[in-house]
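No lab work stands behind these numbers, since they all come straight from the coordinates. Here the structure is a predicted model, which is why all the values come from computation and not from measurement. Note that each Cβ is placed from the backbone with ideal geometry, even for glycine, and that neighbours are counted across all protein chains shown.
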Protein chains: 2
Amino acid sequence: MKFPATGPLLTDLYQFTMMQAYLDAGMVEEAVFEFFVRKLPKGRNFLIAAGLDQVLQYLDSLVFSSSEIAWFERAGGFNRRFLDYLAELRFAGEVHAMPEGTVFFPNEPILRITAPMPVAQLVESRIINLLNFETLIASKAARCVLAAPGKFLVDFGLRRAHGAEAGLLASRASYLAGFSGTSAVLAGAELDIPVFGTMAHSFVQAHTLERDSFAHFAAARPNNVTFLIDTYDTEAAAQKVVDLAPELLGQGVTIRSVRLDSGDLAAHAFKVRRILDAGGLAQVGIFCSGGLDEYQLQDLLSVGAPIEGFGVGTSLDVSADAPCLDAAYKLQEYAGQARRKRSEGKATWPGRKQVYRRYAADGTMSGDALTLESDPQDGTPLIVPVMRNRQRLAQESLAQLRSRAAAELARLPQGRRRLEDCATPYPMEVSQGLRELTEALDRQPH
Amino acid sequence: MKFPATGPLLTDLYQFTMMQAYLDAGMVEEAVFEFFVRKLPKGRNFLIAAGLDQVLQYLDSLVFSSSEIAWFERAGGFNRRFLDYLAELRFAGEVHAMPEGTVFFPNEPILRITAPMPVAQLVESRIINLLNFETLIASKAARCVLAAPGKFLVDFGLRRAHGAEAGLLASRASYLAGFSGTSAVLAGAELDIPVFGTMAHSFVQAHTLERDSFAHFAAARPNNVTFLIDTYDTEAAAQKVVDLAPELLGQGVTIRSVRLDSGDLAAHAFKVRRILDAGGLAQVGIFCSGGLDEYQLQDLLSVGAPIEGFGVGTSLDVSADAPCLDAAYKLQEYAGQARRKRSEGKATWPGRKQVYRRYAADGTMSGDALTLESDPQDGTPLIVPVMRNRQRLAQESLAQLRSRAAAELARLPQGRRRLEDCATPYPMEVSQGLRELTEALDRQPH
């Protein structure tokens with residue numbers, strides 16, 4: 001196994017079984033599927049759409065190689081019509097979506113796929129896999145940004161992320177949502193995301209004297225050095241930095257900050273700040289890490305702890321308090337007929353939909369309308385075409401997505417900017433036409 | 001960006017900064033790092049070691065290409081000595097580990113890396129990334145296996161897993177821990193894991209009549225068909241299966257099961273069982289899915305619900321109740337000198353360690369001893385050499401790892417087999433020699 005492996009076989013077996021059944025039954029007409037989230041997890045007042053770029057890359061590159069097709073021949077039960085269809089398959093459908101960085105709410109589609117049924121079905125698993133994860137992380141990161149406005153926030157979560165792709169895409173999603181950068185070098189190399197790093201406890205421990213570890217570290221890369229000072233005694237180490245500073249500054253070293261990674265961070269930060277200030281290092285900042293989440297960021301800042309930046313790791317990269325979304329990709333229309341899932345507790349709104357957003361006089365979001373695409377409502381439509389005839393439309397840079405996310409966060413209603421769960425749902429109006437279509441479908445035989 | 005991307009840049013920036021500092025300071029002697037978990041998360045009475053095979057593949061393939069080295073030149077601050085070292089770097093160190101499938105407990109190393117300091121440091125991030133995730137999933141899967149002994153369990157989590165690699169490795173880790181297979185085709189193609197699948201609601205919805213969807217589906221792949229029967233009315237659909245069965249059986253279709261995915265699964269299972277039995281389909285099983293976890297499996301079986309198998313998805317693939325482990329990779333020795341981290345709440349046991357396991361008369365695990373490798377204790381040593389001189393030692397098949405995990409689960413003490421948290425920690429004795437070494441290190445200056 002060469003890993004991490006991906007490609008067109010990264011999907012659920014039933015997609016292929018259903019594809020063969022559709023082909024055998026001649027059901028290859030146009031299908032419309034939409035991706036949406038059924039409800040907000042506890043601890044989330046809004047979500048940020050993310051992952052579309054990866055979805056469009058996946059769709060654009062969807063090709064089955066001969067060795068992949070050979071797997072189906074070995075597996076058995078797949079016929080020649082199916083195998084030939086796979087060999088010719090390319091994604092040539094239409095994609096509509098909310099642009100990445102857009103704030104959205106439950107039952108609002110953020111992606112719509114329009115393609116022949118076998119293709120639209122096939123792509124379900126990977127589309128959910130990508131949109132679910134990046135949206136999850138962007139939404140968690142946005143909460144950190146709201147809890148620590150103006151602070152320097154770095155994604156430190158690669159090591160606890162769920163595998164390679166999660167580490168890389170968490171860097172992307174958190175940067176999109178307002179983080180300053182990541183510790184993951186690959187995210188710098190592949191996605192041009194700013195990369196930051198300090199030093200590890202092991203570096204200090206490998207030296208007999210902590211002071212020597214600081215001197216060696218500063219000499220190696222003298223610009224914007226951050227010393228990790230909690231390996232033994234945090235305040236004693238802060239004093240060592242002060243004592244060492246004249247020598248280092250004489251060698252052209254710039255000391256950016258000291259990092260605290262354990263213990264009572266607020267208490268240490270206050271003490272260390274006094275030591276640094278008394279030692280003439282007022283310009284040296286304090287950077288904190290160590291199991292932090294948005295609540296701890298808020299708590300540390302609410303007591304006025306003199307901290308300039310935070311490394312947020314595990315809780316961000318696994319979205320620890322809400323590690324999954326109730327996300328779905330559901331059939332909305334087949335061969336021109338609207339469709340609807342009616343299973344207990346999982347019913348969906350049918351048809352090709354659009355979301356219109358309304359704003360209050362102060363510019364904040366005041367409510368959305370969910371409607372059929374063919375039935376416009378007041379407000380700004382949020383879903384736009386993004387791929388057609390194998391061409392991506394209006395491709396945006398990560399910087400642009402990041403700007404959009406910042407603008408969206410600024411327009412959140414005040415109550416939704418808080419970490420605490422809102423008592424009331426975000427206002428969402430379902431259009432008359434959509435309600436009528438739903439009722440009509442429920443009267444049909446099955 | 002071609003994604004999912006991985007490779008030697010999938011690590012934290014500070015690893016490279018520290019490497020350069022080590023090289024500049026001439027600190028390239030042998031270092032020993034160990035990976036362990038500090039404490040069990042709530043809801044876990046034991047852990048199952050997993051991910052070693054991926055770690056060894058990573059170490060074996062660790063090479064920096066010229067384009068990767070060019071990134072450091074562009075980034076700036078890296079010197080020629082460092083760039084040359086990267087260009088020549090291969091992992092030629094030693095690896096010791098607990099074999100995959102072994103049950104382990106907090107503070108017990110499951111991996112030890114012995115290599116020149118810059119190399120041993122570099123590999124930290126990806127080693128934690130892999131071992132943390134696969135161990136997390138294997139441990140969660142083992143709880144499902146214990147909650148539903150003898151049942152057919154399938155990993156359905158790909159779509160909610162955190163990216164591509166997480167989906168693939170969750171299939172591996174859950175199969176290793178005793179699942180019967182996965183829905184992820186790539187896991188079949190790449191890892192020879194049995195792949196299973198049913199049908200989706202969209203397939204039913206795409207047809208005007210539910211009955212036609214069953215007929216089309218059965219015709220497409222007639223062996224071991226599973227019908228999804230909860231799209232509209234579960235019991236009515238069960239009756240449709242009964243009504244359709246004679247025709248299908250006449251066409252050579254074998255109906256394996258019906259799948260329930262929503263509502264009160266126990267209540268539906270009892271009713272559907274009666275309908276199938278009354279219709280002469282006693283041999284058709286009931287398979288359940290829909291947001292299940294180990295607690296729901298236990299509850300469904302404790303009321304005697306007639307269910308043969310379960311698809312477990314999101315809760316498994318993200319280990320939803322414990323989406324991360326407090327896992328660490330810490331320096332234990334440098335240049336022949338034992339080392340120890342002493343930060344508040346994060347102190348570690350120093351030196352190269354071994355774990356000895358003791359068993360009660362009935363064969364169940366009765367307690368472990370943590371000791372220095374040089375100081376054997378009673379019991380069976382769990383850590384063995386697995387890589388040396390660029391050669392893997394004693395490579396095992398996934399089937400062998402799966403057998404080990406099953407044997408290990410069978411030897412768990414009774415209280416630890418239950419889903420409820422054990423009131424007492426698993427007995428772990430720390431050897432006298434290890435305690436003395438720790439105290440001696442704490443008396444050293446720093």
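Among the trypsin sites (Lys or Arg not before Pro) found in the stretch B:80-162, those both in a DSSP coil and sparsely packed, with 13 or fewer other Cβ atoms within 10 Å of their Cβ, are B:R90. Distance between the modelled labels on A:A335 and A:V28, one decimal in nanometres: 1.4 nm (7 Å Cα→Cβ projection).
With no solvent and one point on each alpha carbon, what is the Debye value of log10 I(q)/I(0) for the protein assembly as shown at q = 0.07 Å⁻¹? For the protein assembly as shown at q = 0.07 Å⁻¹, log10 I(q)/I(0) is -0.57. For the segment B:65-75, counting C-beta atoms of other chains within 10 Å of every residue's C-beta and taking the mean gives 2. Each residue, A:Q400 and B:D264, gets one label point 7 Å from its Cα in the Cβ direction; the gap between the two is 5.3 nm.
Take B:D277, push a point 7 Å out from Cα through the beta-carbon direction, and compare it with the same point in every other copy: 7.8 nm, smallest first. Straight-line reach from B:K240: taking Cα to Cα under 16 Å and skipping same-chain neighbours fewer than 8 places apart, the lysines in range are B:K271. The base-10 log of I(q)/I(0) for chain A, evaluated at q = 0.06 Å⁻¹, reads -0.33 [Debye formula, identical scatterers on Cα atoms, solvent excluded].
Label points for B:P381 are taken 7 Å from Cα along Cα→Cβ. From this copy to the others they lie 7.1 nm apart, shortest first.
One decimal place: the segment B:N224-B:T208 gains 3.3 nm when fully extended, by the rule 0.36 nm per residue minus the C-alpha distance. Per residue, chain A reaches -12000 deg cm²/dmol at 222 nm when only DSSP H runs of four or more residues are counted, each adding -39500 (n - 2.57).
Projecting the Cα positions of B:Q296, B:A206, B:G167 onto the charge dipole of the stretch B:148-317 (unit charges on Cβ atoms of Lys, Arg, Asp and Glu, taken about the Cα centre) puts B:A206 furthest along the positive direction. Site pair B:R443 and B:D277 shows an inter-label distance of 7.4 nm when each label is modelled 7 Å from Cα along Cα→Cβ. Take every Cα pair under 8 Å whose residues are at least 6 apart in sequence, average their separation, divide by the length of chain A, and the relative contact order is 21 percent. For the stretch A:92-119, backbone nitrogen atoms closer than 15 Å to the point 7 Å from A:D421 Cα along Cα-to-C-beta are found at A:106.
Among the residues of A:173-183, the average count of other protein chain beta-carbon atoms within 10 Å of the residue beta-carbon is 1.
Report the FRET efficiency, 1/(1 + (r/R0)^6), for B:Q251 and A:R80, where r is their Cβ-Cβ distance and R0 is 25 Å, rounded to 0.05. Once rounded, the FRET efficiency stands at 0.80.
Based on the Kirkwood approach, the hydrodynamic radius assigned to the stretch A:96-145 is 12.3 Å, with every pair of different Cα atoms included. Among the residues of B:187-196, the average count of other protein chain beta-carbon atoms within 10 Å of the residue beta-carbon is 4. Under the convention that each Lys and Arg Cβ holds +1 and each Asp and Glu Cβ holds -1, the size of the dipole of chain A around its Cα centre is about 300 debye.
Between copies, the label points at B:D264 (set 7 angstrom from Cα along Cα-to-Cβ) are spaced 5.2 nm, reported in nanometres from shortest to longest. Between B:D321 and B:D299, the contour length at 0.36 nm per residue exceeds the alpha carbon distance by 6.2 nm. Partners of B:K353 within straight-line reach, counting lysines whose Cα lies under 29 Å from its Cα and excluding those fewer than 8 residues away in the same chain: B:K39, B:K42, B:K140, B:K330, B:K341.
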